[in-house]
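Encoded as structure tokens, the structure appears first; notes follow it.
The values are calculated or read from the model by the stated rules, or taken from the named source; none is laboratory data. All figures in this text were calculated on a predicted structure; none of them were measured in a lab. Quick reminder, even Gly has a Cβ in these numbers, built from the backbone with ideal geometry, and neighbours come from all protein chains shown.
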Amino acid sequence: MISSTKNLVTEEQRSELDERGFFFTDVLFTESEIEPVRRECQRLYRASIEEIPASNTVHREKQGLRPFLPAPHKGSEIIARFQRHTVFQQLTREIIGPDVDQTWSQGCLKLPDVGAFTQFPYHQDGKFAEIDRLDSGISCFIGLGPLSPENGTLYFAERAHDRTLPHTWDERLEWWSCSVDGLEVVPGTLLPGQMIVYRLMTPHGSPPNRTDLMREAFLITFNVPGIRLVETGELFGHQQPLLRNGLLV
Ligand SMILES: O=C(O)CCC(=O)C(=O)O
């Protein structure tokens, strides 16, 4: 249970975020909070496949195996409510400050693997979207079900979030890829309702799902308001206000 007077982030977790680029939380969401989000991600996943014309078999197959489910709050009131949960308010107030926007979110489902297509090469999110405030944001990778190396959970590379690593484009996986040789990597083994909080430049990637069951996770990113793309100066991401002056908007 989260109390508004006690800090959610311990001194040790704060140091880990600064030094390693990530920290693990306890289980912070109950089963009755996580299960509806899990079911909504499943519904949005099925709907996303139906939206692809039957003639586009390649796209349908890719979306079926390694779905891209951005901005799930737009299609689900339940997820929209979850994204404003007290845990996110308290966490971001303590790490980012009194003014916070939700800048990104996505359902992260991964089907039992075919052809090693369900892996994600190591990358830094700043490579996908170079924004002007890479230093102040955080992402939360949350277990909607159990997450393990076997089912393709995310791994995080330590102590590299203070620099930009060279990336190359992986044509087959359609993803940026960087080397983490020489870095310590840690698997995000999580229980449902537990999460890893990491910096936007923390290198992360995941192996294929080698189990017979779907891997179910959720990703949400927060930052100060008014984040812009460096190249164009355009506002970036969802721009969903969460906190102003420390209070829920
Ligand atoms: O779902 C995954 O395992 C990886 C997702 C990811 O790294 C990303 O979207 O940046």
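The table for this structure:
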{"quantity": "Residue match in region 195-209 (condition: more than 13 Å from the ligand (Cβ to nearest atom) and either assigned to a loop (DSSP other than H, G, I, E, B) or of a type in the set (Gly, Ala, Ser) (or both))", "calculated": "no"}
{"quantity": "Elements of type strands (runs of 3 or more DSSP E) contained in region 8-124, each with 3 or more residues being more than 17 Å from the chain's Cα centre (by Cα) and surrounded by fewer than 13 Cβ atoms within 10 Å (Cβ to Cβ)", "calculated": "none"}
{"quantity": "Flag if Ala54 is modelled with pLDDT under 95 and out of contact with any Lys or Arg (no Cβ under 6 Å at 6 or more places or on another chain)", "calculated": "yes"}
{"quantity": "Residue under evaluation Tyr122, criteria (1) in contact with a helix residue (DSSP H, G or I) (Cβ under 6 Å, 6 or more places away or on another chain); (2) within 11 Å of the ligand (Cβ to nearest atom), criterion not met", "calculated": "(1)"}
{"quantity": "Criterion: away from the ligand (no atom under 13 Å from the Cβ) and modelled with pLDDT under 95 - qualifying residue of Glu150, Glu130, Glu158", "calculated": "Glu130"}
{"quantity": "Long-range neighbours under 7 Å by Cβ, at least six apart or interchain, first residue over 27 Å from Ile34 (Cα atoms) within region 126-147, second outside any strand (DSSP E or B) and of a type in the set (D, E, K, R)", "calculated": "Glu130/Glu231"}
{"quantity": "Number of the exception - Leu134 against (1) surrounded by fewer than 21 Cβ atoms within 10 Å (Cβ to Cβ); (2) out of contact with any helix residue (DSSP H, G or I) (no Cβ under 7 Å at 6 or more places or on another chain)", "calculated": "(2)"}
{"quantity": "Among residues of region 138-177, those that are part of a strand (DSSP E or B) and within 21 Å of Lys127 (Cβ to Cβ), counted", "calculated": "14"}
{"quantity": "Residue selected from region 225-249 under the condition over 15 Å from Ala129 (Cβ atoms) and hydrophobic (A, V, I, L, M, F, W, C), by the criterion surrounded by the most Cβ atoms within 10 Å (Cβ to Cβ)", "calculated": "Leu243"}
{"quantity": "Conditions (1) away from the ligand (no atom under 11 Å from the Cβ); (2) at pLDDT below 95; number of the one not met by Trp169", "calculated": "(2)"}
{"quantity": "Failed condition for Arg210, given (1) closer than 22 Å to Pro70 by Cα; (2) surrounded by 14 or more Cβ atoms within 10 Å (Cβ to Cβ); (3) among the basic types (Lys, Arg); (4) out of contact with any strand residue (DSSP E or B) (no Cβ under 6 Å at 6 or more places or on another chain)", "calculated": "(1)"}
